[in-house]
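Here's the structure we're looking at; comments come further down.
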Amino acid sequence: MQKNKFWDELKKHRSDITALGAFVVITIVAIFAGFMETPETTSSLTIATAALLGVKRPDFYRFKFGDFEIATILDGAGQFEDTHPRFGCNVEQDTVLNYAKQHGLPTAWYENGFTPAIVNTGKELVLFDTGFGSAKRENGLGQLRGILQSSGYAPEDIDIVAITHGHPDHILGLMENGQPAFPNARYVISQVEFDYWNKNENIPDFRTENRELFMKIVTPFAEKMTFVKGGDTIASGIEAVEAFGHSAGHMAFHIESNNNRILLIADTTNHYILSLQQPDWHFNVDDDKEMAAVTRKKILEMVSTENIPIIGHHMPFPSVGYVEKTSESYRWLPVAYHFNR
């Protein structure tokens, strides 16, 4: 009796079941056909894809330091194919490339970032170096000006521009569209550095174009410049430190607030492994390579022994970290959350 009732119900809904079955079959066939279609026949069924957007790096890092605020800004990064002889030009190529490989680095190329920094003392905004400016902007460099705005500052807010030395990635951003990029600033530079370029004595041949840039871009600011030597104070809590070698009058700056100390080392070391871990290796664009190596070891010994954090223009962004002394040399320790409160 129950069996007959079941078949009666089945017959009653047979047309609905048939229609449902047909729909399922048609759907499966359509999906399968969509996968099998060629680009020439595809018209209605498309599989969505996510577009690749390319590399995007963090571009500024702001942190509290004592009673000061410090920001590092990535002016840009460049990739170069001359790992040797750029680094270790006084040692064999295999030595440098094998060392890079041992530390997980590419051997065919290396990357350098360019990182100006801003110190807000609460009374003055001090900008250290100006990046490449508009001269290299089409190559992805010279980003300081735009990032400055998004990081909370305006070019007009800068009170002091401190130039660590006169190489292009530090001075080209002084001008924008033929006008001072930081119109309300006064300027600070080492007396030795300024005289070196201005007098045009003993400048290496590979710096000839650099000298022309310096004369064109930096010397017009001479009337607004303060010329300093080691030990001079450029703003409250900020003192110049001689770090000669990379350039004739290359300067570092010691920054201290509320018993907190940090050293802005500029180009004292130009790579976190191939220079910092091998301070005796020459960097082929150091103007005085022997002096630069002596300075490098002196600075690294000081900051590692006294546990002073550093800001390095060419250290991996955000370019802030510590230097650890090892049994053989030194090691770069990037900051994590050390200064985030």
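The values are calculated or read from the model by the stated rules, or taken from the named source; none is laboratory data. Here the structure is a predicted model, which is why all the values come from computation and not from measurement. We place every Cβ from the backbone using ideal geometry, glycine too, and count neighbours over all the protein chains shown.
Quick notes on this one:
- Going through (1) modelled with pLDDT of 95 or more; (2) over 25 Å from Lys229 (Cβ atoms) one by one, Ser327 falls short only on (1).
- The residues listed here are Phe244, Phe339; of these, the one that is not in a strand (DSSP E or B) and not assigned by TED's automatic domain parsing to the domain that holds Val192 is Phe339.
- Applying the set (1) more than 21 Å from Ile160 (Cβ to Cβ); (2) touching a strand residue (DSSP E or B) at 6+ places or on another chain (Cβ under 8 Å) to Glu239 leaves exactly one unmet item: (1).
- Here Lys199 fulfils each of the conditions (1) more than 18 Å from Thr226 (Cβ to Cβ); (2) in contact with a Ser or Thr (Cβ under 7 Å, 6 or more places away or on another chain) apart from (2).
- Considering residues of the range 150-177 that are surrounded by fewer than 22 Cβ atoms within 10 Å (Cβ to Cβ) and hydroxyl-bearing (Ser, Thr, Tyr) only, the residue nearest to Lys123 (Cα to Cα): Tyr153
- Against the test of being modelled with pLDDT under 95 and of a type in the set (Gly, Ala, Ser), the options Ala154, Ala77, Ala48, Ala117 yield a single qualifying residue, Ala48.
- Any hit, the range 200-216, residues being surrounded by 13 or more Cβ atoms within 10 Å (Cβ to Cβ) and either farther than 29 Å from Lys289 by Cα or hydroxyl-bearing (Ser, Thr, Tyr) (or both): no
- For the range 112-136, the candidate set comprises residues that are of a type in the set (D, E, K, R) and under 14 Å from Asp169 (Cβ atoms); within that set, the residue that is surrounded by the most Cβ atoms within 10 Å (Cβ to Cβ) is Asp129.
- The number of residues in the range 67-110 being assigned to a strand (DSSP E or B), acidic (Asp, Glu) and farther than 30 Å from Tyr187 by Cβ comes to 0.
- Checking each residue in the range 154-179 for being assigned to a strand (DSSP E or B) and acidic (Asp, Glu) picks out only Glu176.
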